[in-house]
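Novice: This is the structure I want to talk about, given as structure tokens.
The values are calculated or read from the model by the stated rules, or taken from the named source; none is laboratory data. Owing to the predicted nature of the structure, the values given are computational and were not obtained by experimental measurement. Cβ: placed from backbone, ideal geometry, glycine included. Neighbour counts: every protein chain shown.
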Amino acid sequence: MKIIVLGAGIIGISTAWHLAQRGHAVTVVERQSGAALETSFANAGQISVSYCEPWANREAPLKALKWMLSKEAPLLFRPQNPLGPGWRQYAWGLQFLAQCNDVAFERNVQQLVALGAYSHAALKEVVATTGITYQRLERGIAHYFTDQHAFDSAAQSAVLMARYGVDRKVVNREEMLRIEPSLAHFGPRIVGGTFTASDESGDACAFTQALAAQCAQHGVQFLYGHRVERIHLAGGGVQSVVARPVQAQDQAQAAAQVLRADQVVVACGSFSAPLLRGVGVDLPIYPGKGYSATFKILNADAAPMVSTIDDAKKIAITRLGDQIRVAGTIEVGSYDLTLTSPLARARCQMLARRVEEVWPGMCDTRTEEEGGQPHFWAGLRPATPTNIPYIGQTKVRGLWVNAGHGTLGWTHGAGSGKALAELMDGRQPDMAFTTYQG
């Protein structure tokens, strides 16, 4: 088949790879100049199969209300104008609230764990086949707590996760420091933690770009620097995709390309929803703005080798070669990606400040005003109310979707691409995850 994949992030490139491996003629359309330059560019770096709890739980509504008063809140709702396009935020929020109960939480956990396990296996297959390197560390993920009540709750969560095959070990302070000795300075504030040895970490951007290069070697065509204007239907099914160059002096007169295809895959992250609505497919995927900071390591001996989660700040810290990546927070509001607003600056500064608190002197966390060179970044996480992505065929013949992965795009990327390729070939993926059927 002739297949067009829209989007060159981890999801789109993984999909293209698996389709090409099955002998299909694949073209990837991407508005950026290369692969992985948006949501997949600077995420937390964790392959967190065992840390996949959905945001929606019975405590989330009260916490979200409290957090609305804090610029550094882990989950922050920024109310939009309900009289304009912002009404979709409120519709999404109501669906989110409907998931804030124990029954829905456990159902969603089961789905996320199933996809995660399938995807981790798929990632290992791709790495073994291609030999791709991406600052990979197979040392597990450690989650440390500074609040006793939160730690006690973590022990209860470990029991739930065990029901679905997740080996999340509950550890005391001393064992946490044995797992990651670099936490010694911060150790007196740690009350305990959890550890999942099977998880790992690595640079999602490096992986995605390397896999894109492998795709090109296997015949995948790339149309970079082109924005998808619309998907054209005929007779109730997909006929073509209209794409126009992003860099043009006169956008109105820039030559559009009409790309014909047998099948089209929408893997445009948060931008999948508005594109799909243009052909009558309405999915509750809404952007969640996430932040990260990347710092050069100054003292290698003081840097962690195990990827960690700071429970108090709800952030992840990962070593990527000679750099440290710290990422977190979700800001549910709009498609804005600026880093210059007071709110954005406060959230970026929180990331830098926390790294300095836990690992003082490990890296240069000074602001630009202080003479530092911080690399702050923001990306839009394509969030669904359940945290479960849409992977499957829409109600439009020949139109497929692979989007809505939220904070787990890197964790679920390889498997999501493989699963969709299987479905498009008429096969059922070997996993206990419910794929989408529009």
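Novice: Going through segment 1-49 one residue at a time, which ones are surrounded by fewer than 24 Cβ atoms within 10 Å (Cβ to Cβ) and among the aromatic types (Phe, Trp, Tyr)?
Specialist: If the condition is that a residue be surrounded by fewer than 24 Cβ atoms within 10 Å (Cβ to Cβ) and among the aromatic types (Phe, Trp, Tyr), then 41 is the only one that fits.
Novice: Please indicate, with yes or no, whether at least one residue in segment 301-310 is in contact with a strand residue (DSSP E or B) (Cβ under 9 Å, 6 or more places away or on another chain) and either acidic (Asp, Glu) or more than 30 Å from residue 198 (Cα to Cα) (or both).
Specialist: Yes, there is a match, as at least one residue in segment 301-310 is in contact with a strand residue (DSSP E or B) (Cβ under 9 Å, 6 or more places away or on another chain) and either acidic (Asp, Glu) or more than 30 Å from residue 198 (Cα to Cα) (or both).
Novice: Please work out if residue 386 is of a type outside the set (Asp, Glu) and assigned to a helix (DSSP H, G or I). Don't jump to the end; show me each part of the working.
Specialist: Numbers: of a type outside the set (Asp, Glu): yes; assigned to a helix (DSSP H, G or I): no.
Considered against the rule, which asks whether it is of a type outside the set (Asp, Glu) and assigned to a helix (DSSP H, G or I), residue 386 comes out as no.
Novice: How many residues does segment 233-247 contain that are within 19 Å of residue 37 (Cα to Cα) and assigned to a strand (DSSP E or B)? First the steps, then the outcome.
Specialist: Pass one, segment 233-247, residues within 19 Å of residue 37 (Cα to Cα): 243-247.
Still in the running and assigned to a strand (DSSP E or B): 243-245.
Summing the residues that are within 19 Å of residue 37 (Cα to Cα) and assigned to a strand (DSSP E or B) in segment 233-247 gives 3.
Novice: Please enumerate the residues belonging to segment 362-379 that are under 27 Å from residue 287 (Cβ atoms) and either in the same structural domain as residue 273 (by TED's automatic domain parsing) or without any contact (Cβ under 8 Å) to a residue 60 or more places away in the chain (or both). Steps first, answer last, please.
Specialist: Taking segment 362-379 and keeping what is under 27 Å from residue 287 (Cβ atoms), we get 367-368, 374-379.
Once the filter is applied, which keeps residues that are under 27 Å from residue 287 (Cβ atoms) and either in the same structural domain as residue 273 (by TED's automatic domain parsing) or without any contact (Cβ under 8 Å) to a residue 60 or more places away in the chain (or both), segment 362-379 yields 367, 368.
Novice: Within segment 337-355, is even one residue part of a helix (DSSP H, G or I), β-branched (Val, Ile, Thr) and under 25 Å from the mean Cα position of the chain (by Cα)?
Specialist: Taking segment 337-355 and keeping what is part of a helix (DSSP H, G or I), we get 342-355.
Next cut, β-branched (Val, Ile, Thr) only: 355.
When the remaining residues are screened for being under 25 Å from the mean Cα position of the chain (by Cα), the result is 355.
Within segment 337-355 (the criterion being part of a helix (DSSP H, G or I), β-branched (Val, Ile, Thr) and under 25 Å from the mean Cα position of the chain (by Cα)), the answer is yes, since at least one residue qualifies.
Novice: Now for a separate question. Out of 64, 60, which single residue is closer than 21 Å to residue 380 by Cβ, surrounded by 16 or more Cβ atoms within 10 Å (Cβ to Cβ) and without any contact (Cβ under 8 Å) to a residue 24 or more places away in the chain? I'd like the intermediate steps shown before the answer.
Specialist: Details: 60 fails: without any contact (Cβ under 8 Å) to a residue 24 or more places away in the chain.
Of 64, 60, the one residue that is closer than 21 Å to residue 380 by Cβ, surrounded by 16 or more Cβ atoms within 10 Å (Cβ to Cβ) and without any contact (Cβ under 8 Å) to a residue 24 or more places away in the chain is 64.
Novice: Does segment 368-377 contain at least one residue that is at pLDDT 95 or above, of a type in the set (A, V, I, L, M, F, W, C) and part of a loop (DSSP other than H, G, I, E, B)?
Specialist: no
Novice: Among the candidates 384, 365, 329, 340, which residue alone is surrounded by fewer than 20 Cβ atoms within 10 Å (Cβ to Cβ) and of a type in the set (Ser, Thr, Tyr)?
Specialist: Details: 384 fails: surrounded by fewer than 20 Cβ atoms within 10 Å (Cβ to Cβ); 365 fails: surrounded by fewer than 20 Cβ atoms within 10 Å (Cβ to Cβ); 329 fails: surrounded by fewer than 20 Cβ atoms within 10 Å (Cβ to Cβ).
After applying the criteria, what remains is 340.
Novice: Another question, if that's okay. In segment 212-231, how many residues are free of Cβ contacts under 8 Å to residues at least 40 places away in the same chain and within 17 Å of residue 268 (Cα to Cα)? First the steps, then the outcome.
Specialist: At the first step, the residues of segment 212-231 found to be free of Cβ contacts under 8 Å to residues at least 40 places away in the same chain are 213, 216-217, 229.
In the following step, the residues that additionally are within 17 Å of residue 268 (Cα to Cα) were identified as 229.
Total meeting the criteria: 1.
Rundown of residues vs (1) outside the structural domain of residue 290 (by TED's automatic domain parsing); (2) at pLDDT below 95; (3) part of a strand (DSSP E or B); (4) closer than 20 Å to residue 402 by Cα, yes/no style:
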| position | (1), (2), (3), (4) |
| --- | --- |
| 176 | no, no, no, no |
| 194 | no, no, yes, no |
| 231 | yes, no, yes, yes |
| 254 | yes, yes, no, no |
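Novice: Would segment 139-153 turn up any residue that is assigned to a helix (DSSP H, G or I), touching a residue at least 24 places away in the same chain (Cβ under 8 Å) and surrounded by 17 or more Cβ atoms within 10 Å (Cβ to Cβ)?
Specialist: First, the residues of segment 139-153 that are assigned to a helix (DSSP H, G or I): 148-153.
Next, only the ones that are touching a residue at least 24 places away in the same chain (Cβ under 8 Å) stay: 148, 150-151.
Subset that is surrounded by 17 or more Cβ atoms within 10 Å (Cβ to Cβ): 151.
So far as segment 139-153 goes, yes, one or more of its residues are assigned to a helix (DSSP H, G or I), touching a residue at least 24 places away in the same chain (Cβ under 8 Å) and surrounded by 17 or more Cβ atoms within 10 Å (Cβ to Cβ).
Novice: Scan segment 75-108 for residues that are within 19 Å of the chain's Cα centre (by Cα), modelled with pLDDT of 95 or more and not aromatic (Phe, Trp, Tyr) and jot them down.
Specialist: Selection gives 108 alone.
Novice: Residues 163, 189, 227: which one is in contact with a Lys or Arg (Cβ under 6 Å, 6 or more places away or on another chain) and of a type in the set (Lys, Arg)?
Specialist: Working: 163 fails: in contact with a Lys or Arg (Cβ under 6 Å, 6 or more places away or on another chain); 189 fails: in contact with a Lys or Arg (Cβ under 6 Å, 6 or more places away or on another chain).
Sole residue among the options that is in contact with a Lys or Arg (Cβ under 6 Å, 6 or more places away or on another chain) and of a type in the set (Lys, Arg): 227.
Novice: Take the residues in segment 277-310 that are of a type in the set (D, E, K, R) and buried (at least 20 other Cβ atoms within 10 Å of the Cβ); name whichever of them is farthest from residue 154 (Cα to Cα).
Specialist: Applying the first criterion (of a type in the set (D, E, K, R)) to segment 277-310 yields 277, 282, 289, 296, 301, 310.
With the extra rule that they be buried (at least 20 other Cβ atoms within 10 Å of the Cβ), the set shrinks to 289, 310.
Working: 289: 26, 310: 13 Å.
Checked segment 277-310; the qualifying residue farthest from residue 154 (Cα to Cα) is 289.
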